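Engineer: Pasting a structure here, questions to come.
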Amino acid sequence: MHFELSEEHQLIRKAAKEFAKSLWEGVVERDEQAKFPDEQVRQMGELGFMGMMVEEKYHGAGMDTLAYVLAIEEISKVDASAGVIMSAHNSLVLYGLQAFGSDAQQEKYLKPLASGEKLGAFALSEPEAGSDATSQHTTAIDHGDYYLLNGTKNWITNGGHADVYLVIAQTDSEKGHRGINALIVEKGADGFTIGPKENKLGIRSSDTHSLLFTDVRVPKENRIGDEGFGFKFAMKTLDGGRIGIAAQALGIAAGAYELSLAYSKERKTFGKAICEHQAIQFKLADMEAEIEAARLLTYKAAWLKDQGKPYAKEAAIAKLYASEVAMKTAIEAVQIHGGYGYVKEYHVERFMRDAKITQIYEGTSEIQRLVIARDILK
Ligand code: CAA
């Protein structure tokens, strides 16, 4: 066992850190105006961040999950919205297509997505199916050589900007979760409309919409995997997605901590820098310890995935712990900054708002506990 990053991984971290510096510019305005970072996402595509784990023959960067985690961590240290745009695209859409898509689907969809030319979205959640993902009301009725898709999806990351959507829908309700399919739907398909953008608490410059499907004809060749594979497809894809969200949470925590550490050395009260007060030192020490633990859990889950070993439980542990650390650290970061922490220019209030979603999406903290408990009790 060794805890050193390889030279290649160190270089990836350095490249992501370098790129992330450019995200500071306009980050407050993008958050305030809920403005999608078009130019930044385009640059992320050019740098290979939008196809990190996809093989080079499909125009990806051909890197591993650990490299991907390092990049999301660095990017989320500055802008967690950019982190989730990248995470949903890479973990949920590209991984899903690469692992389970047919050769023709990979040829047609993976290449433009992995090069960053196109953006992907993953549509599982519904108004009445968030945590309870088997209760799909969206239907994909079999009409021979196509499915007729009807229903509504909610809270879809990249919803308005995506070109390609992986949509989970019920084909045969009598078969329960074994009657669910995953379908590739392109923007602009007849009957497919995008609902209004959500006005969110955090990750405001990421783009979250509902999606409406009314008699959308989806060709059979757009089904991923065998008939009825859709629920397992979603679960397997989400296992990897949780590593991406753990990395995002880790980045938010580390970003809030780094700002707090720097501030605590500059800000003076009672005649000395606030980092010289034990009250602040205790907070900084807890942050350092908890972030390091979250980092080790997240890297371990990524490493297991890269080794081809089971990782569902470890991904849930990493996501559960890292998201709680993100929330706690961001709240303490605001406290350390005092009044300044409550205004936008000092960024930590944004980190606090952004942290909350990491305890909710890709499975709430309660769902992660369920996944962990089921694994240890099986
Ligand atoms: N891998 C493979 N198969 C799995 C699996 C996994 N990780 N988890 C479950 N399955 C299989 C089970 O083995 C079972 O199959 P069999 O019947 O053939 O044995 C089948 O799936 C059903 O499993 P369960 O009976 O355990 O299903 P359940 O209804 O009890 O739900 C759950 C399980 C873990 C709670 C699941 O519903 C879940 O993960 N819910 C949360 C959904 C979620 O994360 N939503 C987030 C939306 S995406 C998002 O947020 C993206 C974004 O915008 C950033």
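The values are calculated or read from the model by the stated rules, or taken from the named source; none is laboratory data. As the structure is a prediction and not an experimental result, all values here were calculated from the model. Methodologically, a virtual Cβ is constructed for each residue, glycine included, from the backbone with ideal geometry; neighbour enumeration extends over all protein chains shown. Note: accessible area is taken over every heavy atom of the protein model, side chains too, but ligands, DNA and RNA are not part of it. Shrake-Rupley method; radii C 1.70, N 1.55, O 1.52, S 1.80 Å.
Engineer: Please give the peptides 27-39, 325-337, 175-187 ranked by average Cβ packing (other Cβ atoms within 10 Å per residue), highest first, as a rough proxy for protection.
Structural biologist: By packing density, highest mean first, the sequence is 325-337, 175-187, 27-39.
Engineer: Pick from A293, A249, A315 the residue whose mean-square fluctuation is largest in a GNM of the chain, springs joining Cα atoms under 10 Å.
Structural biologist: A293
Engineer: Over segment 165-272, average the accessible area per residue using a 1.4 Å probe and give it in Å², no decimals.
Structural biologist: I get 42 Å² per residue for this part.
Engineer: Could you check how much of the accessible area of the chain is carbon and sulfur, as a whole percent, using a 1.4 Å probe?
Structural biologist: The nonpolar share, carbon plus sulfur, comes to 53 percent.
Engineer: Taking +1 at the Cβ of each Lys and Arg and -1 at the Cβ of each Asp and Glu, which of V84, A67, A162 sits farthest along the dipole of segment 57-179 towards its positive end, judged by Cα position relative to the Cα centre?
Structural biologist: A67
Engineer: Around M53, which amide H atoms from residues at least 5 apart in sequence, or from another chain, sit under 5 Å from its own amide H, with H modelled in the peptide plane?
Structural biologist: Distant-sequence amide H within range of M53: A61, M63.
Engineer: Report the charge-dipole magnitude of segment 154-194 in Debye, nearest 20, computed about the Cα centre from +1 at each Lys and Arg Cβ and -1 at each Asp and Glu Cβ.
Structural biologist: The calculated dipole for segment 154-194 is roughly 140 debye.
Engineer: Let me ask something additional. Report, to the nearest 10°, how far helix 348-357 tilts away from the longest principal axis of the Cα atoms in the chain, using its own Cα long axis and a range of 0 to 90°.
Structural biologist: Once rounded, the angle reads 30 degrees.
Engineer: Separate question: For segment 216-331, give the magnitude of the charge dipole about the Cα centre (Cβ charges: +1 Lys/Arg, -1 Asp/Glu; no others), in debye to the nearest 20.
Structural biologist: Result for segment 216-331 is approximately 220 debye, rounded to the nearest 20.
Engineer: Tell me, what does the Kirkwood hydrodynamic radius of the chain come to in angstroms if you use every pair of distinct C-alpha atoms?
Structural biologist: 21.0 Å
Engineer: Under a 1.4 angstrom probe, counting protein chains only, how are R13, R353 ranked by accessible area, largest first?
Structural biologist: Ranked from most to least accessible, the order is R13, R353.
Engineer: How long is the gain from N199 to K328 if the chain were fully straight, where each residue apart is worth 0.36 nm and the alpha carbon distance is subtracted?
Structural biologist: 44.1 nm
Engineer: In whole Å, what three semi-axes, largest first, describe the equivalent ellipsoid of segment 73-158 built from its Cα gyration tensor (square root of 5 times each eigenvalue)?
Structural biologist: 26, 20, 10
Engineer: At 0.36 nm per residue, and after removing the present C-alpha to C-alpha distance, how many nm does the segment from H137 to D226 gain when stretched out fully?
Structural biologist: Residue separation times 0.36 nm, minus the Cα-Cα distance, leaves 30.0 nm.
Engineer: Can you give the alpha-carbon Rg of segment 120-207 over 2.2 N^0.38 Å, where N counts its residues?
Structural biologist: The reported ratio for this selection is 1.11.
Engineer: Angle between the Cα long axis of helix 7-23 and the longest principal axis of the chain, 0 to 90 degrees, nearest 10?
Structural biologist: 80 degrees
Engineer: Calculate for the chain the 222 nm mean residue ellipticity that helices alone would give, adding -39,500 (n - 2.57) per DSSP H run of length 4 or more and normalising by residue count, nearest 500 deg cm²/dmol.
Structural biologist: Helix contribution divided over all residues of the chain: -15500 deg cm²/dmol.
Engineer: Next up: Helix 278-306 against the longest principal axis of the chain: what's the angle in degrees, Cα atoms only, rounded to the nearest 10?
Structural biologist: The two axes meet at around 30 degrees.
Engineer: Now for a separate question. Short version: ³J(HN,Hα) in whole Hz for each residue of segment 333-339, in order, from phi by Karplus 6.51 cos²θ - 1.76 cosθ + 1.60 (θ = phi - 60°), x for Gly and Pro, what are they?
Structural biologist: So the J values, rounded to whole Hz, are 4, 5, 4, 4, 6, x, x.
Engineer: Which value, in debye to the nearest 20, describes the size of the charge dipole of segment 82-147 about its Cα centre when Lys and Arg Cβ atoms bear +1, Asp and Glu Cβ atoms bear -1, and nothing else is charged?
Structural biologist: Rounded to the nearest 20 debye, it is 320 debye.
Engineer: Through the Karplus equation 6.51 cos²θ - 1.76 cosθ + 1.60, θ set to phi - 60°, convert the phi angles of segment 82-94 into ³J(HN,Hα) values in whole Hz; use x for Gly and Pro.
Structural biologist: With coefficients 6.51, -1.76 and 1.60, one gets 4, x, 6, 4, 5, 5, 4, 5, 6, 6, 8, 8, 5 Hz.
Engineer: Okay, next question. When the Kirkwood hydrodynamic radius is evaluated over all pairs of different C-alpha atoms of segment 247-331, what value in angstrom, to one decimal, is obtained?
Structural biologist: 13.8 Å
Engineer: For segment 1-55, taking Cα atoms only, what is the radius of gyration to one decimal and the Dmax to the nearest whole Å?
Structural biologist: Here Rg and the maximum Cα pair distance are 14.3, 46 Å.
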